[in-house]
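S.K.: Sharing a structure with you now.
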Amino acid sequence: MTTDDPKAAASRRPSSEGSKETMGGPSLLSEAIQQRFAREVAKFPSDQKQSAVMACLAIVQQEFGHVSQDSELAVADYLGMAPIAVHEVTTFYNMYNQQPLGKYKLNVCTNLPCQLRDGEAALDHICSRLGVEEGGTTPDGLFTVQKSECLGACADAPVMLVNDRQMLSFMSNERLDELLTMLANTK
Ligand code: FES
């Protein structure tokens, strides 16, 4: 079974490098973050810099591990957007974490096509193995388990995402057990 390179996963964990830890408004954005924002904004016409909002939120999440309300305000200020418009983006997409999560974020699709092919059972199996409710994080901070909307691979159910990037298909209980063991051993 293949999944994220642990080093790559670790590299996506919250990092304070190159960022100010102060929270609240634009001061949250370090020079390094603003440089990254500027590169994203430059991809769009000068009067459409708001189009970079998703990329900027992704950068914030890479830096801090989640997108806080203060981060949303900072992004809104940088892009000249209404804070509510940024919040709508953050809350619409599953990939943005609105609070700190575990090292490994496991999203199992439970939409109807997957439900008909053991998607819900796969979610229940993971929760049972880890001793958490859906949406919960293990006490050691290693795993957060969430359900997700359609991942676009209905024929491969049960399907899941690891850390928003690695799609895994045909996740039988045996494959789920292998995955959890492998991830737990790559702390
Ligand atoms: S419904 Fe699960 S991938 Fe489409």
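S.K.: If Lys and Arg each add +1 and Asp and Glu each add -1, what is the summed charge of the other residues whose beta carbon sits under 13 Å from the beta carbon of C154? Walk me through the numbers before you get to the answer.
M.R.: On the way: positive: R117; negative: D118, E149, D156.
Around C154, the charge tally is -2.
S.K.: Further question on the same structure: Need the full-extension length gain, Q34 to S51, defined as separation in residues times 0.36 nm minus the C-alpha distance. One decimal, nm.
M.R.: Working: separation 17, 0.36 × 17 = 6.12 nm, distance 1.57 nm.
4.6 nm is the gain from fully extending Q34 to S51.
S.K.: Continuing with this model, one more query. About its Cα centre, what dipole magnitude does the chain give when the only charges are +1 on Lys and Arg Cβ and -1 on Asp and Glu Cβ, stated in debye to the nearest 20?
M.R.: Magnitude of the dipole: close to 400 debye.
S.K.: For M167 paired with D140, estimate the spin-label separation in nm (one decimal), with each label point 7 Å from Cα along the Cα-to-Cβ line.
M.R.: It is 3.0 nm.
S.K.: Once Rh is set to the Kirkwood radius over Cα pairs, what Stokes-Einstein translational diffusion coefficient, in µm²/s, holds for region 104-184 at a temperature of 4 °C and a viscosity of 1.567 mPa s?
M.R.: Stokes-Einstein gives a translational diffusion coefficient of 107 µm²/s.
S.K.: Where does helix 83-92 land angle-wise versus the long Cα axis of the chain, in degrees 0 to 90, nearest 10?
M.R.: For 83-92 against the chain, the angle is about 20 degrees.
S.K.: Follow-up question, since we're still on this one. For helix 119-130, what angle does its Cα long axis make with the longest principal axis of the chain, in degrees from 0 to 90 and rounded to 10?
M.R.: That helix lies at roughly 90 degrees to the long axis.
S.K.: Continuing with this model, one more query. Expressed as an acute angle from 0 to 90° and rounded to the nearest 10, what is the orientation of the C-alpha long axis of helix 173-184 relative to the principal long axis of the chain?
M.R.: Once rounded, the angle reads 50 degrees.
S.K.: Right, next: Note the full-extension length gain between D77 and A184 as 0.36 nm times their separation in residues minus their Cα-Cα distance, in nm to one decimal.
M.R.: 34.6 nm
S.K.: Which of L168, A122, L180 sits farthest toward the positive end of the charge dipole of region 104-184, with +1 on the Cβ of Lys and Arg and -1 on the Cβ of Asp and Glu?
M.R.: L168
S.K.: Assuming 0.36 nm per residue, please report the length gained on full extension of the stretch E133 to D156 beyond their Cα-Cα distance. Before the final figure, lay out the partial values.
M.R.: Working: separation 23, 0.36 × 23 = 8.28 nm, distance 2.44 nm.
Value of the extension gain: 5.8 nm.
S.K.: Also, quick follow-up: Using the alpha-carbon centroid of each, what span in Å lies between region 130-187 and region 30-50?
M.R.: When both Cα centres are located, 33 Å separates them.
S.K.: Once you place label points 7 Å from the Cα toward the Cβ at Q62 and T91, how far apart are they in nm?
M.R.: 2.7
S.K.: Based on alpha-carbon atoms only, what is the radius of gyration of region 50-187 relative to the globular estimate 2.2 N^0.38 Å?
M.R.: Expressed relative to 2.2 N^0.38 Å, the Cα Rg reads 1.12.
Every number in this text was worked out from the coordinates using simple rules, so none of it is lab data. None of these values were measured; they are calculated from a predicted model. Backbone-built Cβ (ideal geometry, glycine too); neighbour counts: all protein chains shown.
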